1. Report, by residue number, each residue of the range 2-41 that is surrounded by fewer than 14 Cβ atoms within 10 Å (Cβ to Cβ), among the hydroxyl-bearing types (Ser, Thr, Tyr) and part of a helix (DSSP H, G or I).
2. Would you mind stating whether Ala47 is of a type in the set (Gly, Ala, Ser), at pLDDT 85 or above and open to solvent by less than 50 Å² (accessible area, probe 1.4 Å)?
3. Just wondering, is there one or more residues in the range 38-56 that are of a type outside the set (Ser, Thr, Tyr) and over 23 Å from Asp4 (Cβ atoms)?
Amino acid sequence: MVMDSDHLQGVNILVRYGVEGETSDVRRAALRCVANALLLDPIMRQAFVDTGYGGKLAERLKVCPQAKG
């Protein structure tokens, strides 16, 4: 299966909202969609890399407080 421009644009929008969304709820919902897409469709993994937001998300993971159990 080949990734078309509509799919790339959709992933880019979701990732952008996941990084730059106005509220934590918006960011969380967008990133859940991205995670599901990455899990279900291997082609989406390359599309995610192509967005250029991977590094920003990795940096945010480093600074997020860990959940207390």
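1. Within the range 2-41, Ser5, Ser24 qualify.
2. The answer is no for Ala47.
3. yes
The values are calculated or read from the model by the stated rules, or taken from the named source; none is laboratory data. Predicted model only: the values in this text are computed from it and were never measured. Here the Cβ is made from the backbone with ideal geometry for all residues, glycine too, and neighbour counts use every protein chain on show. For the accessible areas, the whole protein counts, side chains as well, though only heavy atoms, and no ligand, DNA or RNA atoms are used. Shrake-Rupley method; radii C 1.70, N 1.55, O 1.52, S 1.80 Å.
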